[in-house]
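Single-structure report; data block below.
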Amino acid sequence: MSKADIYTIEQIAEIVEGKGLFVNKDALVTSLVIDSRTLSNAPQALFFAIKAQRDGHEFIGNAYQNGIRNFLVSTDVAQDQYPEANWIKVGDALLALQKLAIYHRAAHQLKVIGITGSNGKTVVKEWLYQLLATDFNIVRSPKSYNSQIGVPLSVWQINDSHNLGIFEAGISTVGEMSKLAAIIEPNIGILTNIREAHDEGFANKREKLIEKLRLFEGVETFIYSPEHVLPNITLPGKKKFTWSFNQPADLQIVDVLNKGTSSILKAKYAEKQVEVTIPFADAASIENVVICWVTLLAMGYTALEGTYRLSKLVKVGMRLQLINGVDHCSLIDDSYSADISSLSIALDFLNQQNQHPKRTLILSDLHETGKSANELYQEISLLLNQKKIDRLVGIGEQIGAHQHLFKIESSFYKDTEHFLANISEQNFHNETILVKGARKFGFEQVVKRLAQKVHDTVLEVNLNALTSNLQFYRSKLSPGVKTMAMVKAFSYGSGSFEIANLLQYHKVDYLAVAYVDEGIALRKAGISLPIMVMSPEPSAFDAMLRYQLEPEIYSLEVLQSFLHFLPRDVVAFPIHIKLDTGMHRLGFEHYHMAELTALLKNTQQLKVISIFTHLVATDDKQHDEFTKLQVTWYEQMYEALSNSLAYKPIRHVLNTSGISRWPQYHFNMVRLGIGLYGFDGALEAQKDKGKGDGLKTVAVLKTSITQIKHIYPGETVGYGRRGSLPNGGQIATVKIGYADGYSRAFGNGVGKMLVDGKLAPTVGAICMDMCMIDITGLNAEVGDEVIVFNEEQSIVALANEIKTIPYEILTNVSQRVKRVYYYE
Ligand SMILES: *Cc1c(COP(=O)(O)O)cnc(C)c1O
């Protein structure tokens, strides 16, 4: 970084036109932080207290504790609590972040490519990086940082050594793009396409297109396809460069030959026939390749050079996967990209994992244009300290040559082969391991070696979607209303500590499990949130005490036996009182109140943390009167109880479907269950299809084809000869059966799975470990993926097929089906 890239806190105050209050006005700022938990170079970080779903001001204490000393705020803060801090006060912290980015961008004279569109932004950006990295020092958006916050943070990375920037911009409504345009200031603009994705914020396609085009108002060159623009809209750019699959364009694709895993694109360019073979065959990749191709041409590369580079493109992985490893390890597989900004993101993810005592990084040589190897490994060493990584396994000659720079436990191997041959000397055990390496090191082999054997049937859990669902419900709550996340039954089948850990990271207030065992497992995995246990069996009282698990007390018997059990020296042990207001399952009824209050009044040993009830039909209009009655009874019983206590316990009554329908009953806390996993019976659009309404699908259950057979008319399939194809056809045997949770009720065509995007009904009875599906006329081969449920074929659809509820579909997926967690 040169001098021009470093700012003092005082300069920043000037740039953002904020009011400064400094202990040290010359404090240097090199990194910008918006999340107090993202660890970075704390002493030189500036924390922006942005008001988004949570108010950033709530996290100032936390950030200060993590060593941050520079803060930009928009409301008054008790500054005397932070004696060493510098402050900048502004009207709007997000705007200030954007202003700073505009200034920083304007201070650098580099060529910038700006990308927007409905799909493909991130892939096109990553591919252009692959294609151009040999000729330019490139700075680009990390992952898909393309929002009002992500874009300023991306642009902030620019320094004097860069001569090309590639940034993506994503918007969700009118008015957002001009802000991003001022920050990115592209010279070359790429519109990937305009599709239905993320349509909610716009009146129509025209409005969306016009808004997106605002990114390109100042560009020299505009790259687009006539297929994606509309008539009577002025297009930006002095020069225009176009591609198309079906009409004349600068680069017109005339034929696409599918070769299985690769394809040949034939095109007309400058009156000549050109052709390229690319290692992809799916439509989305082909479109993205074409966009990159036309960009190379627009930048002056020859057709020959372009086609050579395109043939070498490699797939961009955009997920960080968390998988179970051997010997009680967890693995994060990030073995497809290897640059320092993606390393930093992956290290944050590693740092968030608390399930094992140790965090380990397996890292190959990296290559970063514009930096000497010495600078690079020094920077990486600093990162490893900041992100609290315990040990490093370095693979490659370069990283080995710089081993003296690393201050943590480390070992080095000259190549992947040597590492694999000697892997046993590392004794990997009970640790979280991030595997990150440049492609040529072939770290897939490392992952394969360290991963527990994964069966072909997996439940993939999208942690971004889960986070987004959590925020969806939080945004419906008034400030101060707490969230209790229901993680009973392995988080509705989606996992145990992996989910709890994520919820803890996002600061839910409480967790609830059904049984003591589940609570113990969470404690052992490092979960420190308070945990309520709904069925506290007396034989496990002792364990509850040891693991600080808080019982739900639902009867006088349980209360008495718990009091009887509690050692004398325990005071104010946290408990939760459950009231029965009409469910008639567990809970105190009104005639228990007198005895209950007497017992609670006479003891100092217990503290009633909360008093709650469960409503029986929050999602069902026809029972709304009963719901109101339940709450009235609840309130009466709450009053009676709390009047005899010297304090006010937390009140909560609502489950997922109550949150949107009964805002007047949020009280102090809500209990969020199935909504986290993307289903809410109260949201209209979800009733039959299970999508839309702002919730995202979290879990996808996949299996694969083991064998394909031809069936003739008259032949039968499976046990009891129940299945047949009257006209003959093809069936596929897939690796999922009722022991995996695919109910026998799905047999004989009742259930349907997705093969190559099309529905394939079951044939015959479901077996224990497999079943057969009709794939007549579909494009399928042995080994192909088969979707049991996902966003399209939702758990709601499956539930309807066998007349049950989504809850049962989710929780039925048996524990032998491996869970794979990922981040996008
Ligand atoms: C499971 C459960 C919930 C959550 O219900 P959802 O419908 O999944 O949101 C809430 N409260 C209690 C007492 C529960 O047992």
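The values are calculated or read from the model by the stated rules, or taken from the named source; none is laboratory data. No experiment lies behind these values; they were computed from the predicted model shown. Neighbour counts are summed over all protein chains in view; Cβ atoms, including those assigned to glycine, are modelled from backbone coordinates with ideal geometry. Surface accessibility is based on the protein's heavy atoms, side chains included, excluding ligands, DNA and RNA. Shrake-Rupley method; radii C 1.70, N 1.55, O 1.52, S 1.80 Å.
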Criterion first (over 30 Å from residue 541 (Cα atoms), touching a helix residue (DSSP H, G or I) at 6+ places or on another chain (Cβ under 9 Å) and open to solvent by 10 Å² or more (accessible area, probe 1.4 Å)) does residue 432 satisfy it?
no
If you check residue 782 against the conditions, is it over 23 Å from residue 619 (Cβ atoms), open to solvent by less than 20 Å² (accessible area, probe 1.4 Å) and among the hydrophobic types (A, V, I, L, M, F, W, C)?
no
Pairs needed: first member in the range 511-533, at positive phi and in the same structural domain as residue 546 (by TED's automatic domain parsing); second member anywhere, polar (S, T, N, Q) and open to solvent by 10 Å² or more (accessible area, probe 1.4 Å); C-beta distance under 6 Å; at least 6 residues apart or different chains.
526/354; 526/355
Would you pick out the residues in the range 445-499 that are assigned to a strand (DSSP E or B), within 16 Å of the ligand (Cβ to nearest atom) and small (Gly, Ala, Ser)?
485
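Criterion first (acidic (Asp, Glu), within 16 Å of the ligand (Cβ to nearest atom) and either free of Cβ contacts under 8 Å to residues at least 40 places away in the same chain or surrounded by 22 or more Cβ atoms within 10 Å (Cβ to Cβ) (or both)) does residue 808 satisfy it?
So residue 808 passes the test.
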State which residue is farthest from the chain's Cα centre (by Cα) when the search covers only the range 149-180 and only residues that are open to solvent by 20 Å² or more (accessible area, probe 1.4 Å) and among the small types (Gly, Ala, Ser).
161
Filter result for residue 133 (among the small types (Gly, Ala, Ser) and buried (at least 24 other Cβ atoms within 10 Å of the Cβ)):
no
Do we find that residue 575 is in contact (Cβ under 8 Å) with a residue 40 or more places away in the chain and within 16 Å of the ligand (Cβ to nearest atom) in this structure?
no
Which one of these is in a helix (DSSP H, G or I) and either under 30 Å from residue 320 (Cβ atoms) or at pLDDT 95 or above (or both): 807, 742?
807
Complete set of residues in the range 218-231 that are modelled with pLDDT under 95 and within 23 Å of residue 98 (Cα to Cα)
218
Do you know which residues across the range 72-110 are surrounded by fewer than 16 Cβ atoms within 10 Å (Cβ to Cβ) and closer than 25 Å to residue 218 by Cβ?
92, 106, 107, 109
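With respect to residue 440, is the statement that it is loosely packed, with under 15 Cβ neighbours inside 10 Å, within 20 Å of residue 325 (Cβ to Cβ) and over 21 Å from the mean Cα position of the chain (by Cα) true?
So residue 440 fails the test.
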Quick one: would you say residue 379 is within 18 Å of residue 341 (Cβ to Cβ) and open to solvent by 20 Å² or more (accessible area, probe 1.4 Å)?
yes
If you check residue 619 against the conditions, is it within 11 Å of the ligand (Cβ to nearest atom), of a type outside the set (S, T, N, Q) and over 19 Å from residue 513 (Cα atoms)?
yes
Helices (runs of 4 or more DSSP H) contained entirely in the range 619-718, each with at least 3 residues that are within 21 Å of residue 510 (Cα to Cα) and open to solvent by 50 Å² or more (accessible area, probe 1.4 Å)
none
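For residue 427, are the conditions met, namely being within 29 Å of residue 815 (Cβ to Cβ) and free of Cβ contacts under 8 Å to residues at least 60 places away in the same chain?
Criteria met by residue 427.
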Restricting the range 598-615 to residues that are buried (at least 16 other Cβ atoms within 10 Å of the Cβ) and assigned to a loop (DSSP other than H, G, I, E, B), the one farthest from the ligand (Cβ to nearest atom) turns out to be 605
Inspect all residues belonging to the range 784-796 and state whether any of them is touching a residue at least 24 places away in the same chain (Cβ under 8 Å), more than 22 Å from the chain's Cα centre (by Cα) and part of a loop (DSSP other than H, G, I, E, B).
yes
Failed item, numbered, when residue 528 is tested on (1) within 16 Å of the ligand (Cβ to nearest atom); (2) not in a helix (DSSP H, G or I)
(1)
Can you confirm whether the range 506-514 contains a residue that is within 30 Å of residue 735 (Cα to Cα) and open to solvent by less than 10 Å² (accessible area, probe 1.4 Å)?
no
When residues of the range 54-70 are limited to those that are over 12 Å from residue 35 (Cα atoms) and in contact (Cβ under 8 Å) with a residue 24 or more places away in the chain, the one most open to solvent (accessible area, probe 1.4 Å)
69
Complete set of residues in the range 531-554 that are assigned to a loop (DSSP other than H, G, I, E, B), buried (at least 17 other Cβ atoms within 10 Å of the Cβ) and within 16 Å of the ligand (Cβ to nearest atom):
534, 536, 554
Where residue 421 falls short, out of the listed (1) farther than 16 Å from residue 366 by Cβ; (2) in contact (Cβ under 8 Å) with a residue 24 or more places away in the chain
(2)
Among the residues of the range 463-491, write down those that are open to solvent by less than 20 Å² (accessible area, probe 1.4 Å) and within 25 Å of residue 575 (Cβ to Cβ).
483, 484, 485, 486, 487, 491
